[in-house]
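A short worksheet on the structure shown next.
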Amino acid sequence: MGLFHFGKKEPKKQPEQPGLPPEEAARRWKDAYRANPQVYQKQDALLGSCTLTEGVDTLLPLQPERQWAVNGKPVQDWILSLVSISEKRVLGQIEYQETMTRLRPFSLAVSEGWILIRAMTHAELDGLFEGLPRQLA
């Protein structure tokens, strides 16, 4: 069950781009899928989730626990679901901050609490699980 009443902040300035020409970074930033967090009640706590899909440039919040609250209650626990288009299934879920560390080599730009992750292949998504269990929350 997803909950609503998110308080979120939109990025305002031009994204910083490591290694991309400014116009290319701006275009990809504009065209990227912006993660649409879902929040679920899990036992006595709230669990937030974002999705990263194979083959899609995606904007993800760097610290969603600071950016979203539900009815004034902070959402402390976050996961990132990795979805394969080629296999038409969820590959698994990883604790959010662990995934942010593993996604740094795939980032194209960062701005005001958001990171642009370039479209990743199935093998690259699958590789994010190295040394980790494939959990499904």
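For segment 31-47, the count of residues that are surrounded by fewer than 19 Cβ atoms within 10 Å (Cβ to Cβ) and assigned to a helix (DSSP H, G or I) is nonzero. Look at SER86 and say whether it is of a type in the set (Ser, Thr, Tyr), at pLDDT 90 or above and in contact with a Lys or Arg (Cβ under 8 Å, 6 or more places away or on another chain). No, not satisfied. Among the residues making up segment 75-86, those that are in a loop (DSSP other than H, G, I, E, B) and within 10 Å of GLU54 (Cα to Cα) are ILE85, SER86. Within segment 114-126, the set of residues being buried (at least 16 other Cβ atoms within 10 Å of the Cβ) and small (Gly, Ala, Ser) comprises ALA119 only.
Does LEU80 count as free of Cβ contacts under 8 Å to residues at least 40 places away in the same chain, in contact with a Cys (Cβ under 7 Å, 6 or more places away or on another chain) and open to solvent by less than 10 Å² (accessible area, probe 1.4 Å)?
So LEU80 passes the test.
For segment 127-136, the criterion of a residue being exposed (fewer than 12 other Cβ atoms within 10 Å of the Cβ), under 13 Å from VAL83 (Cβ atoms) and in contact (Cβ under 8 Å) with a residue 24 or more places away in the chain is satisfied by at least one position. Among the residues making up segment 83-102, those that are touching a strand residue (DSSP E or B) at 6+ places or on another chain (Cβ under 8 Å), of a type outside the set (A, V, I, L, M) and open to solvent by 10 Å² or more (accessible area, probe 1.4 Å) are ARG89, GLN93, GLU95, GLN97, ARG102.
The values are calculated or read from the model by the stated rules, or taken from the named source; none is laboratory data. Note that this is a predicted model, so its numbers are computed, not measured. Neighbour counts are summed over all protein chains in view; Cβ atoms, including those assigned to glycine, are modelled from backbone coordinates with ideal geometry. Side chains are part of the model used for accessible areas, which takes the heavy atoms of the whole protein and leaves out ligands, DNA and RNA. Shrake-Rupley method; radii C 1.70, N 1.55, O 1.52, S 1.80 Å.
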